[in-house]
Each structure stands twice: as C-alpha cells, then as structure tokens.
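The values are calculated or read from the model by the stated rules, or taken from the named source; none is laboratory data. A quick note: this is a predicted structure, and the numbers were derived from the prediction, not measured. So basically every Cβ, Gly included, is an ideal-geometry build from the backbone, and we count neighbours across all protein chains shown.
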Amino acid sequence: MAFQANRENGRFHRRVKRKASAVILQSRKLNDGTVSERAFLKMQWYMVSTLFMSELIAILAGHKISQEEEGAFCFLGALIGLSDILVDDYHLEGPRIEALLLNPGAENSAIEKIFGLYYQALLTELDTDKAARLKEGLLALVHFQIASLRQFDARLSEQETEAITRGKGGASLRLCAALFPALEEPLQGAIYRLGGLIQFLNDAQDLPRDARDGVTTFIRFRENFQDAARFLGAERRATFEAFMAPTLAHWRRHYFLFCFHAMYVLILYKLSHYAHVCSNRLDLEQIAGMPKEAFRVNPFSPGFVWASFGWIINFRPKAAE
C-alpha cells in the first residue's frame with residue numbers, strides 16, 4: 001500500500017484523480033498564473049496520503065469507507081496541503097487563513113479561491129457534526145503549521161522543536177480520524193501521538209533536505225545517527241503503548257500497528273543508509289554540502305522492503321509495550 005501511495009502513477013494517485021477530477025479541473029480554471037504546478041502536485045500528494053492514512057484508520061475503527069467518504073478524504077487532503085502551501089509559500093498569517101474557514105467566500109487571491117473551492121466540496125459531503133469537527137481540526141493544524149515556521153530559527157530549543165513536530169503531525173492525523181465518530185478518547189489521543197511519530201520519521205528521512213534548507217528538527221539535537229535511532233525507537237514504544245489501553249479488536253490493532261511498524265523499520269533502514277553515506281558522522285553542515293544523489297533512495301521500493309524483511313516480520317505487539 002505504501003509503495004503504491006509513493007508512486008506518482010500508483011493506484012492511490014489514480015483513485016484521487018478519478019474521484020476528485022471535477023474539483024481538480026475547477027481548481028485549475030481558477031489559477032490566474034500565480035499558483036505553480038508544484039502546488040497542484042503537492043495537493044495531489046496530500047490527497048493521496050490522507051486517503052491512505054484514513055483507510056488504515058478505518059480498518060482500526062471497523063469501518064468501511066463509502067464512496068462519499070472517499071471523496072471527503074480526497075478534499076480534506078487537498079485542504080491539509082493547501083493550508084501548508086498558504087503558510088509556507090504565500091506567507092499568509094493565522095487570522096487570514098482562519099477567515100477562509102470561518103467565513104467561506106472571503107477569498108481574494110487565486111490560491112485562496114482554490115482553498116474555498118475544496119472547502120465547499122468537503123462540506124457538501126459532511127453532516128453538521130462532522131463539519132464542525134473538521135473545522136476545529138483544521139484550525140488546530142493551521143496553528144502548528146504557522147508555529148513550524150519557527151523551525152528556520154537555529155535558536156529554537158529542543159523542547160519547542162519536539163512540541164511543534166508532535167503538534168503538526170498529531171493535528172494532521174487526527175483530522176483523518178475526525179470523520180470516524182466511533183473513535184473516541186483515549187484512541188483519539190493515541191492517533192494524535194501516532195501522527196507525531198510519523199512526523200518525526202518524515203523528518204528523519206528528510207534529513208539531507210532539511211540540512212540544506214536550515215530547518216531545525218529533532219535531528220539537530222542528536223549526538224549521532226545511533227542516538228537519532230534511539231530517539232525514534234523510544235517514540236515508537238510510547239506510541240504503540242498508547243494503543244494498548246483502548247478496547248480494540250485484537251486483529252485490528254495488530255494489523256494497524258504492524259503497518260506502522262513496517263513503515264518505521266523502512267525509514268530506520270533509510271537512516272542507516274544515511275549513516276553509511278556520512279561515515280556515521282551526524283554533521284549537518286557536511287550533509288548540507290553533499291550531493292543530493294548520495295541520499296537518493298526510496299524506502300518503499302521492493303529492494304528496500306526485501307532488505308528490511310527480517311526486521312519487518314519480527315513484530316510482536318506485546319514487545320511494543
């Protein structure tokens with residue numbers, strides 16, 4: 001599933017293009033030349049990742065996603081991507097983005113009109129309760145996305161960095177779970193924690209790019225690659241423990257955690273590849289100056305999965321406790 005989601009011509013991308021085709025076409029018509037092709041591609045990737053994560057959460061919840069819900073997850077993914085684009089690329093401040101959610105129709109620029117288009121498309125798929133949860137969740141995500149701009153400041157503390165990372169990842173994944181009303185606390189808290197773990201894993205595999213761009217992540221505060229791996233291992237254990245408390249069908253929890261265990265193993269293996277390339281020296285200045293090609297590897301490729309296969313199948317949920 002992850003391999004398919006990671007391929008631009010994979011089945012998840014085809015599903016998103018098919019399901020949201022009318023809205024995608026409308027969004028392109030709204031472009032007055034100020035929205036880059038990169039932004040449209042980023043929206044598509046967010047749609048895919050949101051649909052992918054939501055399908056895994058649906059299995060955990062014992063819920064079969066309907067055709068209408070599939071469309072809602074595509075539109076939600078576009079909004080998550082657009083909120084990131086509005087903050088990072090267009091430098092919109094919190095009140096302006098909040099106005100787009102609280103006052104639909106207040107759009108001025110093309111990118112804001114595209115946001116409004118996807119927001120209205122999402123609302124047509126939701127009842128009042130779900131719409132309220134999504135609006136609250138999007139506002140929380142925007143808060144952390146704006147806070148994440150501080151990660152370009154090298155003076156950011158370790159505690160602040162971790163809080164922003166957990167918040168951004170957690171708010172994003174909890175949005176995926178917001179359309180499943182059966183998932184109540186403490187399971188919502190566990191999903192929030194899992195979102196943080198996913199964000200830490202993404203930061204680990206984005207190490208070369210973040211080093212070049214001067215982004216402060218948890219990596220900056222680690223002594224070496226082994227220390228970074230230990231940090232991720234501790235985050236994984238604490239996250240999996242959070243899923244042990246709620247009452248869940250055994251096989252659903254086992255399947256769900258196994259999927260994320262596999263992702264964890266693959267990205268940790270990718271980090272070991274970085275360590276080899278860097279001769280085990282976690283020197284961000286050196287990494288920033290190294291060629292991009294040295295770090296180019298797909299953790300979801302068949303070869304990578306095969307090389308990690310032993311670690312992947314060595315999964316025992318109780319060991320996560």
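Structure above, values below:
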| quantity | calculated |
| --- | --- |
| Qualifying residue in the stretch 135-147 (condition: farther than 23 Å from G195 by Cα and either among the charged types (D, E, K, R) or surrounded by fewer than 20 Cβ atoms within 10 Å (Cβ to Cβ) (or both)) | no |
| Failed item, numbered, when G289 is tested on (1) closer than 30 Å to P186 by Cβ; (2) in contact with a helix residue (DSSP H, G or I) (Cβ under 9 Å, 6 or more places away or on another chain); (3) without any contact (Cβ under 8 Å) to a residue 24 or more places away in the chain | (1) |
| Complete set of residues in the stretch 31-60 that are more than 19 Å from the chain's Cα centre (by Cα) and surrounded by 18 or more Cβ atoms within 10 Å (Cβ to Cβ) | V35 |
| Residue that is of a type outside the set (K, R), surrounded by 15 or more Cβ atoms within 10 Å (Cβ to Cβ) and over 19 Å from the mean Cα position of the chain (by Cα), where the choices are A178, A154, A132, A121 | A121 |
| Number of positions in the stretch 34-59 that are among the polar types (S, T, N, Q) and assigned to a helix (DSSP H, G or I) | 4 |
| Tally of residues being modelled with pLDDT under 75 and either among the β-branched types (V, I, T) or assigned to a helix (DSSP H, G or I) (or both) across the stretch 1-15 | 4 |
| Counted residues, the stretch 50-59 - those being closer than 20 Å to Y119 by Cβ and either of a type in the set (F, W, Y) or not assigned by TED's automatic domain parsing to the domain that holds L138 (or both) | 0 |
| Search result, residues across the stretch 96-155 that are more than 20 Å from S27 (Cβ to Cβ), among the aliphatic types (A, V, I, L, M) and without any contact (Cβ under 8 Å) to a residue 60 or more places away in the chain | L102, A131, A132, L139, A140, I146, A147 |
